[in-house]
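Have a look at the structure below before the remarks.
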Amino acid sequence: VTAGVISALGRQLDTGEGYSLEGMIQTDAAINHGNSGGPLINLAGQVVGINTAVVRGTNYTGDQAEGLGFAIPANTVKEVSRQIIASGYMARPYLGVRYVTITPSLSAANDLPVKYGIYVTGVESNTAAAKAGLQTDDIIVALGDTEISEENPFVNLLLRYRPGDNLDMRVLRKGKELTLKVTLGERPRP
(Lines give C-alpha, C1' and ligand atoms only; values in the text may rest on other atoms or scores of the structure.)
Protein backbone atom coordinates (compact mmCIF):
# COMPACT_ATOMS: atom_id res chain seq x y z
CA VAL A 1 0.00 0.00 0.00
CA THR A 2 1.37 3.42 -0.87
CA ALA A 3 0.19 6.95 -0.21
CA GLY A 4 1.58 10.15 -1.68
CA VAL A 5 0.85 13.47 -3.29
CA ILE A 6 -1.04 13.27 -6.57
CA SER A 7 0.66 15.79 -8.83
CA ALA A 8 -1.27 15.21 -12.07
CA LEU A 9 -4.27 13.37 -13.53
CA GLY A 10 -4.80 12.08 -17.04
CA ARG A 11 -1.09 11.56 -17.71
CA GLN A 12 0.26 9.45 -20.56
CA LEU A 13 3.14 7.01 -20.13
CA ASP A 14 4.96 5.52 -23.13
CA THR A 15 5.47 1.79 -22.63
CA GLY A 16 8.10 1.53 -25.35
CA GLU A 17 6.00 -1.22 -26.97
CA GLY A 18 4.00 0.83 -29.50
CA TYR A 19 1.32 2.07 -27.15
CA SER A 20 0.98 4.36 -24.17
CA LEU A 21 -0.86 4.00 -20.90
CA GLU A 22 -3.43 6.81 -20.84
CA GLY A 23 -5.39 8.52 -18.12
CA MET A 24 -2.80 7.67 -15.46
CA ILE A 25 -2.54 9.22 -12.01
CA GLN A 26 0.91 10.72 -11.36
CA THR A 27 2.09 10.47 -7.77
CA ASP A 28 5.22 10.78 -5.68
CA ALA A 29 4.22 7.71 -3.66
CA ALA A 30 7.05 5.22 -3.27
CA ILE A 31 6.46 2.47 -5.82
CA ASN A 32 9.16 -0.11 -5.34
CA HIS A 33 9.52 -3.58 -6.80
CA GLY A 34 6.55 -5.49 -5.45
CA ASN A 35 4.30 -2.43 -5.05
CA SER A 36 2.89 -2.69 -8.58
CA GLY A 37 -0.65 -3.93 -8.39
CA GLY A 38 -1.08 -2.57 -4.88
CA PRO A 39 -3.56 0.16 -4.04
CA LEU A 40 -2.85 3.89 -4.09
CA ILE A 41 -4.96 5.31 -1.28
CA ASN A 42 -6.09 8.76 -0.21
CA LEU A 43 -6.10 10.12 3.35
CA ALA A 44 -9.53 8.59 3.97
CA GLY A 45 -8.16 5.13 3.16
CA GLN A 46 -10.09 4.93 -0.12
CA VAL A 47 -8.47 3.25 -3.09
CA VAL A 48 -7.99 5.86 -5.83
CA GLY A 49 -5.75 3.81 -8.11
CA ILE A 50 -3.65 0.73 -8.67
CA ASN A 51 0.11 1.31 -8.67
CA THR A 52 1.46 0.38 -12.06
CA ALA A 53 4.81 1.93 -12.94
CA VAL A 54 7.63 4.11 -11.71
CA VAL A 55 9.94 6.24 -13.82
CA ARG A 56 13.57 6.24 -12.82
CA GLY A 57 16.28 8.24 -14.52
CA THR A 58 19.34 6.57 -15.98
CA ASN A 59 22.80 7.73 -16.88
CA TYR A 60 21.77 7.58 -20.54
CA THR A 61 18.92 10.08 -20.43
CA GLY A 62 19.14 13.81 -19.91
CA ASP A 63 16.24 13.96 -17.47
CA GLN A 64 16.43 12.42 -14.04
CA ALA A 65 13.20 11.47 -12.30
CA GLU A 66 13.10 9.99 -8.85
CA GLY A 67 9.94 8.95 -7.10
CA LEU A 68 7.69 9.59 -10.09
CA GLY A 69 5.01 6.91 -9.99
CA PHE A 70 1.93 6.16 -12.04
CA ALA A 71 -1.30 4.43 -11.07
CA ILE A 72 -4.30 3.26 -13.08
CA PRO A 73 -7.38 5.16 -11.83
CA ALA A 74 -9.77 3.15 -9.66
CA ASN A 75 -12.66 3.87 -12.05
CA THR A 76 -10.76 2.20 -14.89
CA VAL A 77 -9.96 -0.80 -12.71
CA LYS A 78 -13.61 -0.98 -11.66
CA GLU A 79 -14.80 -1.11 -15.30
CA VAL A 80 -12.25 -3.77 -16.27
CA SER A 81 -13.08 -5.80 -13.16
CA ARG A 82 -16.80 -5.60 -13.91
CA GLN A 83 -16.22 -7.03 -17.38
CA ILE A 84 -13.92 -9.79 -16.11
CA ILE A 85 -16.42 -10.82 -13.43
CA ALA A 86 -19.32 -10.79 -15.90
CA SER A 87 -17.66 -12.68 -18.76
CA GLY A 88 -14.42 -14.14 -17.40
CA TYR A 89 -12.20 -11.96 -19.59
CA MET A 90 -11.64 -8.41 -20.85
CA ALA A 91 -13.08 -8.01 -24.35
CA ARG A 92 -10.75 -5.96 -26.51
CA PRO A 93 -11.59 -4.42 -29.88
CA TYR A 94 -10.03 -6.02 -32.94
CA LEU A 95 -9.48 -4.66 -36.42
CA GLY A 96 -7.63 -7.59 -38.01
CA VAL A 97 -4.61 -6.00 -39.68
CA ARG A 98 -0.87 -6.52 -39.78
CA TYR A 99 0.91 -3.19 -39.89
CA VAL A 100 3.98 -1.04 -39.48
CA THR A 101 3.72 2.08 -37.35
CA ILE A 102 4.67 5.19 -39.32
CA THR A 103 6.89 7.64 -37.45
CA PRO A 104 8.47 10.86 -38.77
CA SER A 105 11.82 9.10 -39.35
CA LEU A 106 10.20 6.13 -41.14
CA SER A 107 8.09 8.54 -43.20
CA ALA A 108 11.13 10.55 -44.27
CA ALA A 109 13.16 7.43 -45.10
CA ASN A 110 10.36 6.01 -47.28
CA ASP A 111 8.92 9.25 -48.68
CA LEU A 112 5.49 8.57 -47.18
CA PRO A 113 2.71 11.19 -47.36
CA VAL A 114 2.14 11.36 -43.55
CA LYS A 115 4.37 11.57 -40.47
CA TYR A 116 2.12 9.38 -38.33
CA GLY A 117 -0.19 6.54 -39.17
CA ILE A 118 -0.42 2.80 -39.72
CA TYR A 119 0.90 1.25 -42.93
CA VAL A 120 -1.21 -1.86 -43.56
CA THR A 121 0.94 -4.84 -44.57
CA GLY A 122 -1.88 -7.37 -44.43
CA VAL A 123 -5.60 -7.73 -43.83
CA GLU A 124 -6.87 -10.90 -42.19
CA SER A 125 -9.86 -12.47 -43.89
CA ASN A 126 -13.31 -12.22 -42.34
CA THR A 127 -12.28 -9.49 -39.87
CA ALA A 128 -13.57 -5.98 -39.23
CA ALA A 129 -10.86 -4.55 -41.51
CA ALA A 130 -11.71 -6.92 -44.38
CA LYS A 131 -15.44 -6.24 -44.06
CA ALA A 132 -14.78 -2.47 -44.10
CA GLY A 133 -12.79 -2.80 -47.33
CA LEU A 134 -9.33 -2.03 -45.94
CA GLN A 135 -6.54 -3.17 -48.26
CA THR A 136 -2.84 -3.97 -48.05
CA ASP A 137 -0.75 -0.78 -48.66
CA ASP A 138 -3.49 1.47 -47.21
CA ILE A 139 -2.39 3.97 -44.58
CA ILE A 140 -4.74 4.42 -41.64
CA VAL A 141 -4.49 8.04 -40.48
CA ALA A 142 -7.44 8.35 -38.07
CA LEU A 143 -9.96 6.35 -36.06
CA GLY A 144 -13.17 8.17 -35.33
CA ASP A 145 -12.46 11.89 -35.00
CA THR A 146 -8.89 11.43 -33.75
CA GLU A 147 -5.81 11.37 -35.94
CA ILE A 148 -3.02 8.93 -35.19
CA SER A 149 -0.10 10.88 -33.75
CA GLU A 150 2.69 10.67 -31.21
CA GLU A 151 0.17 11.61 -28.52
CA ASN A 152 -2.48 9.25 -29.90
CA PRO A 153 -0.85 5.97 -30.97
CA PHE A 154 -2.96 3.53 -33.00
CA VAL A 155 -3.29 0.93 -30.23
CA ASN A 156 -4.45 3.57 -27.75
CA LEU A 157 -7.05 4.89 -30.18
CA LEU A 158 -8.32 1.39 -30.84
CA LEU A 159 -8.58 0.65 -27.12
CA ARG A 160 -10.91 3.63 -26.64
CA TYR A 161 -13.57 1.55 -28.35
CA ARG A 162 -15.34 -1.72 -27.60
CA PRO A 163 -16.08 -4.72 -29.79
CA GLY A 164 -19.21 -3.96 -31.83
CA ASP A 165 -18.62 -0.19 -31.95
CA ASN A 166 -19.16 1.46 -35.33
CA LEU A 167 -16.72 4.16 -36.36
CA ASP A 168 -15.22 5.96 -39.31
CA MET A 169 -11.65 5.12 -40.27
CA ARG A 170 -9.76 7.62 -42.44
CA VAL A 171 -7.41 5.94 -44.87
CA LEU A 172 -4.97 7.04 -47.57
CA ARG A 173 -5.05 4.79 -50.62
CA LYS A 174 -2.86 5.59 -53.63
CA GLY A 175 -2.77 9.27 -52.74
CA LYS A 176 -6.51 9.64 -52.09
CA GLU A 177 -8.21 9.94 -48.71
CA LEU A 178 -11.13 7.61 -48.05
CA THR A 179 -13.45 7.21 -45.10
CA LEU A 180 -14.32 3.59 -44.39
CA LYS A 181 -17.10 2.54 -42.02
CA VAL A 182 -15.93 -0.22 -39.68
CA THR A 183 -17.64 -2.30 -37.01
CA LEU A 184 -14.96 -3.47 -34.61
CA GLY A 185 -14.62 -7.15 -33.84
CA GLU A 186 -13.40 -8.78 -30.66
CA ARG A 187 -9.75 -9.74 -30.27
CA PRO A 188 -9.47 -13.53 -30.39
CA ARG A 189 -8.55 -15.06 -27.06
CA PRO A 190 -5.55 -17.43 -26.85
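If the only charges are +1 at each Lys and Arg Cβ and -1 at each Asp and Glu Cβ, what is the size of the charge dipole of the chain around the Cα centre, to the nearest 20 debye?
In total the dipole reaches around 600 debye.
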Using the alpha-carbon atoms, what tilt in degrees (0 to 90, nearest 10) does helix 74-87 show relative to the longest principal axis of the chain? 60 degrees
Using a probe of 1.4 angstrom, how much of the accessible area of segment 113-190 is carbon and sulfur, in percent? 46 percent
Take the Cα radius of gyration of the chain and divide it by 2.2 N^0.38 Å, with N its residue count; two decimals is plenty. 1.19
Residue separation between Arg92 and Leu106 times 0.36 nm, minus their alpha-carbon distance, gives in nm 2.2 nm
Taking the Cβ-Cβ separation of Ile84 and Leu178 as r and a Förster radius of 41 Å, what is the calculated FRET efficiency to the nearest 0.05? 0.65
Taking the solvent-accessible surface of protein heavy atoms with a 1.4 Å probe, what is the per residue accessible area of segment 72-125 in Å²? 60 Å²
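Any idea what the relative contact order of the chain is, in percent, if you count C-alpha pairs under 8 Å spaced at least 6 apart? Before the final figure, lay out the partial values.
Details: 386 pairs, mean separation 29.9, N = 190.
For the chain, the relative contact order is 16 percent.
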Within 10 Å, at most 15 other Cβ atoms, and a DSSP state outside H, G, I, E, B define an exposed site. Report the longest part of the chain free of exposed chymotrypsin sites (Phe, Trp or Tyr not before Pro). 90-190
Please identify which residues in segment 70-100 have an amide N closer than 15 Å to a label point set 7 Å out from the Cα of Asn42, following the Cα→Cβ vector. 73-76
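The values are calculated or read from the model by the stated rules, or taken from the named source; none is laboratory data. Just so you know, these numbers come straight off a predicted model, no measurement behind them. Cβ: placed from backbone, ideal geometry, glycine included. Neighbour counts: every protein chain shown. Each accessible area value is taken on the protein alone, full model and side chains, heavy atoms only, with ligands, DNA and RNA left out. Shrake-Rupley method; radii C 1.70, N 1.55, O 1.52, S 1.80 Å.
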